[in-house]
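The values are calculated or read from the model by the stated rules, or taken from the named source; none is laboratory data. What you see is a predicted model, and the numbers here were worked out from it, not measured in a lab. No Cβ is skipped: glycine too gets one built from the backbone with ideal geometry, and neighbour counts run over all protein chains shown.
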Amino acid sequence: MADPQRTYPLWADNKVPEVTIAFWLIKILSTTVGETAADYLAVNVELGTLLTDVITVALLAIALGVQLRFRKLVPWAYWLTVVLISVVGTQITDALTDGAGVSLYISTTCFTVILAIVFWAWYRSEGTLSIRHIDTLRRELFYWVVILCTFALGTAAGDLATEALGLGFSWGVVVFGALIAATAAAAYLGVNRVLAFWIAYILTRPLGASLGDLLSQSRTYGGVGFGTVYTSVGFLVLIIALVVLVSIRKPSAEDSRTAQI
């Protein structure tokens, strides 16, 4: 196996943030924005699905290009990329389900297989799936492909649970929140933390989607009725505030030990 540090640039630092409580909060908020922002642009702004897809993919390409140019972690660039990937990941699943009529059972299965293949390729190439060592271009590219797959899979699995299986938004928040808590407990009790991290990362997508739908959808459909505008703007404000906070404050060792999965 070729040494990636010889064939690909070695970044100065790991380019993934410390996995703290703030990390998980921003991640969940970003998934909620992904669920509501695409709907807002397509429906409320009346851009339509196709134009919305083109715009968000273009924005993601720009953000990812900026992110890849940095040789160290830049929080605003990292989280901007995550937010845009959450939107695009949602759109991929929605395009298959609503546009192409693909069953959620099929899309969930397909995205699971695709994610497993990418994980296999990443591990075969780098010998690890840890986010503690995203310090070469190749590892970062693997990382972002996995992130996109987790958002697409999480969207499909979340829609399958809340819509096709009739779980509903409220119970979706409860069930996926409980699964994440169980994953955290398993990691605390000794389950491999890399495995636990990726399981939790996938589960935060349907949790965030259920939360976004619960807050934005009308009461007729089982939601609170805040609407996509207020939900998206409110969560974006929270994301910006948290990103600013983590940018000016380095997490303590205790933060990392207690919050990392």
Residue, farthest from Gly166 (Cα to Cα), within segment 92-144, restricted to residues that are exposed (fewer than 15 other Cβ atoms within 10 Å of the Cβ), among the aromatic types (Phe, Trp, Tyr) and without any contact (Cβ under 8 Å) to a residue 40 or more places away in the chain: Tyr123
Residue list for segment 35-54, restricted to those being in a helix (DSSP H, G or I) and surrounded by fewer than 16 Cβ atoms within 10 Å (Cβ to Cβ): Val43, Asn44, Gly48, Leu50, Leu51, Val54
Tally, over segment 234-252, of residues that are in a helix (DSSP H, G or I), modelled with pLDDT under 90 and surrounded by 14 or more Cβ atoms within 10 Å (Cβ to Cβ): 5
Output for segment 24-55, where each listed residue is aromatic (Phe, Trp, Tyr) and under 11 Å from the mean Cα position of the chain (by Cα): Trp24
